[in-house]
Amino acid sequence: SKTKEIVVLPGDGIGPEVTKEAVNILQTVCERHGYKLKTRTFPIGGASIDRYGRPLTDETLKACKESPAILLGAVGGVKWNDQPKDKRPEAALLGLRKELDLFANLRPIKTYDSLIHASPLKEEIITDVDIMIVRELTGGIYFGRPRYIEKTETGERAVDTKAYTTEEIDRIAHIAFETATLRDRRVTSVDKANVLDSSRLWRQTVKESAKQWPEVSLDHMLVDNGAMQLVRNPGQFDVIVTGNMFGDILSDEASMITGSLGMLPSASLGEEYAMYEPIHGSAPDIAGQHIANPLATIASVAMMCRHSLDMPDAAREIELAIKTTLEDGFRTADIYSDPANEYEVSTSEMGSAVVKHLNPNLQ
Ligand code: NAD
Ligand code: IPM
Ligand code: MN
């Protein structure tokens, strides 16, 4: 059809600021490729609590299930921190991931030459880094049962459970190996198999799955060492596959290789649905100041074009426009360092710069 339809969930804090720019970019590439973009926008997280008393409404969930792709900004904020856990903004995101069975979260970490000096790490360590973190997203300690808080004689006791089944591990391993075949054909599985039963099953199952991918090499790393290796020598990694919480932590760490958490996009994929989200949160400390970096969300839209909207050319055009925008010195505050060669710009100025770089003839 000549229409591309998506659901937009701006959320809280900087979420609406960065999704606005990303939708503009999507609109531009759609027009360029002869499509009309139709967006349906719904509140989620704190914004939905304020309006409907719940972080995720049935109407929002239904719309998501009718859409080939969802763009999410970010949820959460101090205002809602005292809500009970199923009424917190984060419950909406976790609920959506679970309801839509978005078990595979792809988080690419690729350095831009022009941003080498934005990273606190040394140039020779981060040049040409290209890693894909494949994070399991619907299992592990985020969703394991039982979980509760109980009173004890002296205080309270809280329980979370980390659980993985062979099926859950096998399907994420499959995604990691498949991803590796399109890249450098190396998978590093990160776990804590020296301590945790769930990690021993993880390692054993990943090893078993690997037999179906003889062309891909597999190694295993304990997560504490993995966290260290990511800053010591990130160039050693191609695909990293890991569980829900380890993937959460390692990807925020890895973002500093690129210079900022505001740079990393992600795709959360299942068999039927797909959601695209920057890896960062609602950044309450800078919300409303118009300084948030929209590039993570813009790059998430590129992933959407590739994985869901059948517009691989548009994906490459967006990625190239991000690259040339950075080469021309446009910088939001988080990646700005050199007054001689860089211009500090607002969120919307960065968005407009990317739109202009998509259409070099408009410059
Ligand atoms: P955060 O990712 O929101 O922010 C961490 C730091 O990075 C802050 O200093 C922030 O200003 C900065 N930052 C993040 N994104 C940026 C961007 N695009 N441009 C410039 N700087 C950016 O993490 P946090 O502060 O720990 O969490 C804040 C809230 O966000 C919490 O409620 C948390 O639960 C939620 N959260 C939501 C998501 C999501 O919706 N996907 C992800 C992470 C955290
Ligand atoms: C992320 C976030 C979420 C997570 C939170 C907000 C539930 O940190 O998308 O990385 O932990 O998965
Ligand atoms: Mn996170």
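Considering only DSSP beta bridges where both residues belong to the chain, give the percentage that are antiparallel (nearest 5).
40 percent
May I ask you to evaluate 6.51 cos²θ - 1.76 cosθ + 1.60, the Karplus curve with θ = phi - 60°, for each residue of segment 350-359 and list the ³J(HN,Hα) values in order in whole Hz, giving x for glycine and proline?
With the stated coefficients, segment 350-359 comes to 5, x, 5, 4, 5, 4, 4, 6, 6, 10 Hz.
Mind computing the radius of gyration and Dmax over the alpha-carbon atoms of segment 198-324? Å is fine for both.
16.8, 51
Highest mean first, how do 24-31, 276-283 rank when packing is the count of other Cβ atoms within 10 Å averaged over residues?
276-283, 24-31
If each DSSP helix of 4+ residues adds -39,500 (n - 2.57) and the sum is divided by the residues in the chain, what number results at 222 nm, nearest 500 deg cm²/dmol?
Only helices count here, giving -12500 deg cm²/dmol.
Amide H to amide H under 5 Å from Leu218: which residues, 5+ apart in sequence or cross-chain, H placed 1.01 Å off N in plane?
The answer is Val187.
Tally Lys and Arg at +1 and Asp and Glu at -1 over the other residues with C-beta under 14 Å from the C-beta of Ala180: what net charge comes out?
-3
Could you line up Leu9, Leu320 from fewest to most neighbouring Cβ atoms inside 10 Å?
So the residues, fewest neighbours to most, are Leu320, Leu9.
Under 15 Å Cα to Cα from Lys162, which aspartates and glutamates show up? Leave out anything in the same chain fewer than 8 places away.
Within the straight-line limit of under 15 Å, Lys162 reaches these aspartates and glutamates: Glu136, Asp191, Asp197, Asp248.
Show me, for segment 216-225, the HN-Hα J-couplings you get by feeding each phi into the Karplus relation (A = 6.51, B = -1.76, C = 1.60, θ = phi - 60°), rounded to Hz, glycine and proline as x.
Those phi angles translate into 9, 8, 10, 9, 10, 9, 6, 5, 5, 4 Hz.
Just to check I understand the Karplus step: with θ = phi - 60° and J = 6.51 cos²θ - 1.76 cosθ + 1.60, what whole-Hz values come out for segment 305-320, glycine and proline as x?
For segment 305-320, the Karplus curve yields 4, 6, 8, 10, 9, 6, 10, x, 5, 4, 4, 5, 5, 5, 5, 5 Hz.
In what order do Trp213, Trp202 fall by count of nearby beta-carbon atoms within 10 Å, going from fewest to most?
By the 10 Å Cβ count, ascending, the order reads Trp213, Trp202.
Is there a quick way to get the dipole size of segment 120-258? I mean about its Cα centre, with the Cβ of Lys and Arg at +1 and of Asp and Glu at -1; what is the value in debye to the nearest 20?
In total the dipole reaches around 320 debye.
Report the charge-dipole magnitude of segment 29-96 in Debye, nearest 20, computed about the Cα centre from +1 at each Lys and Arg Cβ and -1 at each Asp and Glu Cβ.
It comes to approximately 160 debye.
At q = 0.18 Å⁻¹, what base-10 log of I(q)/I(0) does the Debye formula yield for segment 120-258 when every alpha carbon is treated as an equal point scatterer in vacuo?
Computed log10 I(q)/I(0) values: -0.98.
Across the chain, what fraction of all alpha-carbon pairs, as a whole percent, falls in each successive 20 Å bin from zero upward?
So the P(r) values, bin by bin, are 29, 59, 11, 0.
Compute the distance from the alpha-carbon center of segment 86-134 to that of segment 307-363, in whole Å.
Each part reduced to its Cα centre gives a spacing of 19 Å.
Only Cα pairs under 8 Å and at least 6 apart count here; give the relative contact order of the chain as a rounded whole percent.
22 percent
Bear in mind that the values in this text are calculations on the coordinates, not laboratory data. Values in this document were obtained by computation on a predicted structure and should not be read as measured data. Here Cβ is always computed from backbone atoms with ideal geometry, including for glycine, and neighbour counts include all displayed protein chains.
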